[in-house]
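Values quoted throughout were computed directly from the atomic coordinates according to the rules given, and no laboratory measurement underlies them. Predicted, not measured: the structure shown is a model, and the values here were computed from it. Here the Cβ is made from the backbone with ideal geometry for all residues, glycine too, and neighbour counts use every protein chain on show.
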Amino acid sequence: MAVTGLGKVRNKRRQEEVEEVEKGPFAGAVDLEMQSEDEAEDEDQEGDDTSDDGDVDEFPEIDAASDSDEETDEEEEEEGTDDLGEEDTLDENSDADSDLHIFPKSKKVVSDITGQTKVVYPEIEPDYDSDSSTEDDPNRVGNIPMHWYDDLPHLGYNINGKRVLRPAKGDELDRFLQTVDDPNSWTTAFDQNAQMDKPLSAEELDIIRRLQAGENPDAEYNPYEPTIEWFTGKGKEEVTPLSSAPEPKRRWLPSKWEKQKIMKIVRAIRQGRIVGSKPTAADKKQQFYAIWNEPPSNQAPPLPAPKPKLPTHSESYNPPEEYLPTEEEREQWENTDPEDRERDYLPHKYPALRLVPAYDQFIKQRFNRQLDLYLAPRIQRVKLNVDPNSLLPKLPSPNSLRPFPNYKSLQFMHTKARVRCLSISPDGAWVASGDESGVISLWEVNVGREVKRWSLGSKVGAIEWCPRLDACFFVVGTEEQLHFFIPPNISPAMLTMTQSALAPGTLPPVTQSSIKWISTSGAAEDGPILTIELPSASGLSRQLTWHKKGDYLASVSSSETQGSVWMHQISRRHSQSPFKKIKGAVQMVLFHPTKPHFFVATQRYVRLYNLAEQKLLKTLMPGIKWISSMDVHPSGDHIIVGGYDRKLCWFDLELSEKPYKVLRYHSRAIRSLHFHPTYPLFASSSDDGSIQIFHARVYSDLMTDPLIVPLKILRGHDVQEGLGVLQIKWVNKQPWLVSAGADGSVSLWCS
Amino acid sequence: MGRLKQKGRAGAAKAYVTRSSAVKKLQCSLADFRRLCILKGIFPREPRHKKRANKGSTAPTSFYYAKDIAYLAHEPVLNKLREHKAFAKKISRALGRGEWSTAKNLEDNKPVYRLDHIIKERYPSFIDAVRDIDDALCMIHLFASLPSNPRVSSALIENCARLTAEWQLYVMHTRSLRNVFLSIKGVYYQAEVMDQNVTWLVPYQFPQNIPSDVDVRVMLTFLELYQTLLGFVFFKLYTDAGLVYPPPLDSGKDESGAGVGAFNLRTTNPTPITGAPKNDAPKVSSKEVRQTIKNITAESSSVPFTDVDIDRADHTNSFPDAAEEEFVPQASKSDLDVPSSLPTLLSLSSLPKPSSTNIFAPYTFWLSRESSRSIFEFLIRSFGGRIGWPVSSGGGSPFTEDDEAITHVIIDRPTAKGDTAQERERRRRRKYVQPQWVVDCINAGKILLEDLYAQGKTLPPHLSPFGERDGAYDPTIGLVNVENSLVEVDDAELSEDSQDIEDVEMRPELEGDITSMAALAVAAADDPEALRAVELAAEAAGVDYGTFEKEVQKKQQQQKQKHKGDAAVDGSGEEDMNKILMSKRKRQLYERMKYGEKKRATEHAKLEEKRTKIQKDRRRKARAL
């Protein structure tokens, strides 16, 4: 208890000290009564303090009823917790105010000796309370940066060299609650030296207020002190001059040199050498004169800008009613972008001129016109004023080039599959057509009656009649096999001739070849009389072609290997591959009708070989990506080549390796081409389901170009799975055409 | 082998420069470049091979001729623009420092560029200038009607208004207005000046606001050029017409809103010789004179030397004879504005004189207040009429409403009910017409009947006097087949109606009989005997002869149409086939032309169809009433 008692005493002293400090420089202003109040409060607090002393370790309770000066209250509580062992200097704050010097009140006294007034200060009694400096400030570290003590448990040292311990700080919540409870918390400031919040005194607040207002912080400073006149006023004038030099003449005489300069200007103005500035307004105004009076230069004038189009009837304010847009047209106009519109206005009808409003696009359109004038590149275009029909080439009328097929006279149906190939007998009476299911039909051209049907197991890729007139048979190309068939109902003489050709009694000596010739003479009625076994993996034989004498047969298989082309000689029963090596996949081969030449069409090129001399004669470059078909003109001087890229090229073999003419008129790939053997006709068929008939006249003299006239488009085949007319053949000696389509029909077109 | 050609040294790479490189070369800002291009009339070009012109790049750029840019580099206006840039810096500094007197001095000596030389360059001869004033007239008419704002100064607008008034005065004085068209955009006028058709568009008198997406600076630059151009053109036109330019303005009248009437045209004193010949006389070089003499002596020996000059001085009133005719083209080499086509008296007299320029001369018009005075005063006065207007339309009316001489009143409001006796009297003596009458009269070149255009009547359509291109749909031509089909349709409807009544007793199969018989009759049309047989059969079947005839006619028409269709199909097929043999270029051209033709045809057909529909509707309505 003794310790606490001591603490109480000290506390009281500190309180008094604080009061004194508050009193200090503003003694006159501060009310005395407040002081007494404070005292009374202190008394109360002390009472509290004592009561609280017992529970040391408990967290201090916040008394809602506690007074404004709660801080001190708490400090005391803290002190109570910390008091063991330590000196009680803890609560002895080193007050910032302690630095303030306190002057005792002075008196003015009339001196006895001089008779003047003099300031007399009261005697300082050298007792304990007289000097604040003697008061024990708990922290004696002096004016040093306090952060040196930041990580230490104490704040400094008291006069006795003992540590002044850091006051305990509550956590953030405590502090916040404190600020809430204490109405004066907003007038407190953190004291560095004591490391705690201290309330600001009224004087300090006043200083802050003044600083904020930009006033002098000293309340007693008077900025408007009366001036003291030292030199003005009666009897205070300076009489003697500062310098004894006489006053210069220039002070009262005009300058001669200036006059001379001015006179020079005046003379110049009088003589008209200097002209006064012209009135600016008149200067700015444009003066017009006869600018075109001088003769123009010989240079051609720049081209005038094109004039805008003159308005048409539809732009009228009162147009005929048919010009007014319907609802759809209006909507369409509004939905298109302004730059895509055909007209920049919508026709509108107003019943009277007075009702016509301002045109809101006027300025915009004028502006656009100007943009056109200076931003748009101009090109001079020759306006063609020709009839478009005059551009068409002058060709003889198709009617003068008759006969040519122009209507479908009969149709023969293969029920199962698409018809790949067909062939017409050399006498023009029979058609053999083969489909993909392996059915070969033999039917009459004139009536379309089926005479015989063979069923082979595999797909039929090509059929070709032998051109011999003394014998009658046809070859069918299937998967890796070639079958020779003799049609029924032929004359006995011809039958024996044919049989002797295909299955002679004495077989010629067997030659060395990988190809087997198998005679099946017994089954002449239903089956092939002769079969050629092509090497395995050669695939479907895509094309067959006979030499005109009917002894040699060339076949092309679909395999991409070297052995896709074979030449078979019937009389010797011998097959050979004419090419050791060939570039590209062979699409088609053809015999030259008159010379021992051989055409081979690969994917991109057509090569012409001389079979007798065994050498390459020519390579034709049609410029087609993928050649599909080819045919030679009966004269042998011209060939036509068709491609899957819809192009048809006409080559004149005398002329060049480049095509004489390239035509593109089918909308899909060209499938087949054929020259008529006797008439000047050729036809092309395509995957678009149409057949185009041309008149192609070739002149014997070298000077005249061949005449090609499109005659007729034959339509009638359906397009199925992207395939149209797969093969066409002309009927010998008749201007008739037979076509095989992917829809399973074979049609005869007659003139 | 010649020297190796280096890339970019010749050809397109040298002839074209891109815009950015042009700006770099001229060392001016893009705005200044644009201004120069507008003033000098330089526009981008489209090189034939963009890649070659742009150093191998195909990026979208605009190209200019390198020569055009080189030519711009020597332009005095470019120097002035640079001076102006320096001036702007100086004056902003002076203003920033508050040196007002310096600023004023600078402002007084502001660099100003003149465009006279540019006008002369762009339009070497007067005809070139007149040919190109369409856009200029449109612009000044537009700006004359704009409200002033900080960007468009009132002085500018005033100047534009003055120019428009001067132009209108000239057109009225020379009676050169030819066509007028009231469109939804504004009023199109077409005048014939110096044998050139000048067309301009004037907006209706409403306050216009410049939209925000319009760059006013571009318009103002154009306007700058146009004002200068029109000033010089008007000067020449006025002086050639013997008028003083600029026409003096009566400020009192102008303030009372007299518009065009505020200017008074004053003729120049005829006695002093005009500037042109005076300037011309000393310009004749001795060489030319010698050559002329040689020419003349070769032809006819007795023309004295002094005559040459006299003749040249006033060739217009020289007597026309054969010798003179040959002489003129020789001398014209040194002549002024129209070097190639000097008008001789012979050629002038042979020209068709438009008689329609005075169509309103016998009439006096009164303009009621709802019609635009600026339009109709111009129209009536340029066709010789007199016109008066109420004070509310502006001052300066030559007579008041109660003038006895008034023959026509241009009125644009519905007829009022309550008429005073005075008004009724007036209505009796005057003709009340709607404004469109004036315009249609002008376009027709004669006075039209006023009844169609009387007050309160529905106006006939107003058509463009400029016409459409050849072969376009013409609304004035009555559609012959349309009329026929209309009649037919009507008949059909009528017969249907009548048949409805008879339907009760008529057997349905009878109708089938008729049609089949009619078909037979058509088939047997060329064979009179067969026809006769069919007719008899029809009669036997109890068909009325009239209905039978009608049916036959219908069938015949149908067949004809079918034939036509067939022919068309055949024809198109043949054309298609012949197209096979065309070269690609020609084929494309052909296809383009065909496309255009087809488009026009569909447009035409659409309009015709609409018209028939409208007429049908009208007929139906009329019948229903």
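Structure above, values below:
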item: Whether the range A:504-633 is rounded, prolate or oblate, judged on the alpha carbon gyration tensor where a/c under 1.5 counts as rounded; result: prolate
item: Hits among lysines - C-alpha to C-alpha of residue A:549 under 16 Å, sequence gap 8 or more where chains match; result: A:595
item: Residues of type lysines that residue A:261 reaches as a straight line, Cα spacing below 24 Å, ignoring anything fewer than 8 places off in the same chain; result: A:249, A:278
item: Anisotropy class of the range B:12-74 from Cα gyration tensor, a/c 1.5 cut; result: prolate
item: Chain lengthening between residue B:55 and residue B:423 when straightened (0.36 nm per residue, less Cα-Cα); result: 124.5 nm
item: The range A:366-453: trypsin sites (Lys or Arg not before Pro) in DSSP coil with no more than 16 other Cβ atoms inside 10 Å; result: A:378, A:381, A:383, A:394, A:416, A:449
item: Shape call, the range A:387-534: gyration tensor on alpha carbons, a/c limit 1.5; result: prolate
item: Spin-label model distance (nm) - residue B:216 vs residue A:173, 7 Å beyond Cα toward Cβ; result: 6.8
item: Number of partner chain Cβ atoms within 10 Å, mean per residue of B:356-364; result: 0
item: Order by protection proxy (mean Cβ within 10 Å, highest first), peptides A:176-182, B:97-103; result: A:176-182, B:97-103
item: Partners for residue A:416 among lysines (Cα-Cα distance below 27 Å; same-chain residues under 8 apart left out); result: A:408, A:452, A:459, A:729
